[in-house]
1. Using Cα atoms only, what is the angle between the long axis of helix 4-16 and the major principal axis of the chain, expressed in degrees (0 to 90) to the nearest 10?
2. Helix-only estimate, please: 222 nm mean residue ellipticity of the chain, summing -39500 (n - 2.57) across DSSP H runs of length 4 or more and dividing by its residues, to the nearest 500.
3. To test your reading of the geometry: what angle, between 0 and 90 degrees and rounded to tens, separates the Cα axis of helix 20-33 from the longest principal axis of the chain?
4. Kindly list the residues of segment 58-81 that lie in the label zone of residue 105, defined by a backbone N under 20 Å from the point 7 Å along the Cα-to-C-beta vector.
5. Report which label in (1) 1.08; (2) 1.33; (3) 1.15 holds the value of Cα Rg over 2.2 N^0.38 Å derived from the coordinates of this structure.
6. Let me check against my output: what whole-number percent is the relative contact order of the chain, with C-alpha pairs under 8 Å and at least 6 apart?
7. Roughly what would the spin-label model give for residue 28 and residue 41, points 7 Å off Cα along C-beta, in nm?
């Protein structure tokens with residue numbers, strides 16, 4: 001996506017998608033166009049260790065299914081960075097969005 005028209009096409013596709021599955025497909029196509037491997041659209045509510053009802057991702061199921069039960073959701077530096085950024089970002093740029101503790105660095109490793 002490189003032009004205003006591309007962005008408008010993307011927005012129209014999301015707005016007119018008949019289901020969350022179709023929105024996921026639009027997001028997946030856009031993600032690949034930006035040369036990212038995966039996307040996640042998630043909401044954390046009320047507590048840092050819980051995800052809200054909005055969860056749309058193409059990450060592997062085993063990773064997503066283990067995120068909350070393992071307790072990783074509370075300390076996941078990617079999720080914390082998402083709370084600070086309104087634009088997509090590469091994980092390699094996390095330290096430009098927020099300071100990474102030794103625990104965050106170990107988690108990412």
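1. 80 degrees
2. -13000 deg cm²/dmol
3. For 20-33 against the chain, the angle is about 90 degrees.
4. 75-81
5. (3)
6. So the answer I get is 16 percent.
7. Rounded to a tenth, the inter-label distance reads 1.4 nm.
Each value in this text was obtained by applying a stated rule to the coordinates, not by laboratory testing. Just so you know, these numbers come straight off a predicted model, no measurement behind them. With ideal geometry, Cβ positions are generated from the backbone for all residues, glycine too; neighbour counts draw on all protein chains shown.
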